[in-house]
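Below is one structure, written out as structure tokens, with a few remarks after it.
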């Protein structure tokens, strides 16, 4: 039997949901710009704006995860796996 | 009177539109994961996937822009401004 | 009186020192390339190689620091500050 | 017979050489910090400083290369290859 799926209520859940909703709107906006043949540089600048917004979401999630899930795992003496996991996430975000 | 807005039909327009539609769906998916209290690392891995997808969109736009708009400006002897503009975009993407 | 300076013997100290010595040599090599008017793209490719080598040093340091210093701080119930500190480092590396 | 090696005198050659000399010194400094068992976070912050300094060198080289070598290739009607080459460099720097 598979391990039960881990559930985590994000401490700043509503703020994260609002940010993600805004990012979804920004991506839809970029789709519209390309559809309307807008100048490439204007489109690229919007993509950079989405990159920055996503970066903030990543750092907020990373901070809450490390402060809560990873810290709790360390206190329960099974921190090794949790730390390796968060380092893998970091490595992927750095790509 | 403001200069007329530059219009550019992207050479791979439909492919770009499809990619952006997929990315929009991915962001909506991340919103759903947070809403359903999914494990932080699973959410973060999806954010990394969106980062990679956006990176591909940026590089595709940058390549077409440099090969067409910037090259044309250079051939019409007003390349300086177009090159400075694309370097600014590169700087922002490298951030 | 200032707090005593924190001392940490890196678990993979010699490996880190060897890597850093190689990177120093690579940077000296780039200096030589520019001095000898080597083609820009060849120089830029060497800079990318140094970026990758430095990235490996950063991830190695980050992993050891998180596994040892941060974990110890969490176990001694003063993890908050250590976690904030490592998140600041991650933020700077993600820039 | 192999094509003659491309030679390019960087327009800001001395400034580049000075920056690279400083970066070499910074890397030597990091080596010393690890050797003296300095606190990991202090070492990591120095690595971030070298990353930023290298980023400036990359952008300076990229700007001069695009303004001169790539522009000249475009004007001589063989811009395609030069543009592909600079986009490859960008892709590597973004890694």
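Taking the condition at the interface with chain D (Cβ under 7 Å from one of its Cβ atoms), in contact (Cβ under 8 Å) with a residue 40 or more places away in the chain, closer than 30 Å to residue D:64 by Cβ and surrounded by 14 or more Cβ atoms within 10 Å (Cβ to Cβ), does residue C:34 pass? When the stated conditions are applied, residue C:34 does not pass them.
Do the conditions hold for residue D:77, that is, is it farther than 27 Å from residue C:60 by Cα, out of contact with any strand residue (DSSP E or B) (no Cβ under 9 Å at 6 or more places or on another chain) and modelled with pLDDT under 95?
yes
Okay, residues lined up against (1) more than 7 Å from chain A (Cβ to nearest Cβ); (2) more than 20 Å from residue A:37 (Cβ to Cβ); (3) in contact with a helix residue (DSSP H, G or I) (Cβ under 9 Å, 6 or more places away or on another chain); (4) at pLDDT below 95:
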{"position": "B:1", "(1), (2), (3), (4)": "yes, yes, no, yes"}
{"position": "B:9", "(1), (2), (3), (4)": "no, no, no, yes"}
{"position": "B:15", "(1), (2), (3), (4)": "yes, no, yes, no"}
{"position": "B:24", "(1), (2), (3), (4)": "no, no, yes, no"}
{"position": "B:28", "(1), (2), (3), (4)": "no, yes, yes, no"}
{"position": "B:38", "(1), (2), (3), (4)": "yes, yes, yes, no"}
{"position": "B:70", "(1), (2), (3), (4)": "yes, no, yes, no"}
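Checking the stated criteria, residue C:62 turns out not to satisfy the condition of being within 7 Å of chain D (Cβ to nearest Cβ) and closer than 26 Å to residue D:10 by Cβ. Among the residues here, residue C:58 qualifies as under 13 Å from the mean Cα position of the chain (by Cα) and either assigned to a helix (DSSP H, G or I) or modelled with pLDDT under 95 (or both). The conditions of being without any contact (Cβ under 8 Å) to a residue 40 or more places away in the chain and at the interface with another protein chain (Cβ under 7 Å from one of its Cβ atoms) are met by residue C:50. Under the condition of being closer than 13 Å to residue B:8 by Cβ and in contact (Cβ under 8 Å) with a residue 24 or more places away in the chain, the residues counted in the stretch B:66-95 number 2.
The values are calculated or read from the model by the stated rules, or taken from the named source; none is laboratory data. What you are looking at is a predicted structure, and each value in this text was computed from that prediction instead of being measured. Cβ coordinates were reconstructed from backbone atoms using ideal geometry, including for glycine residues, and neighbour counts include every protein chain displayed.
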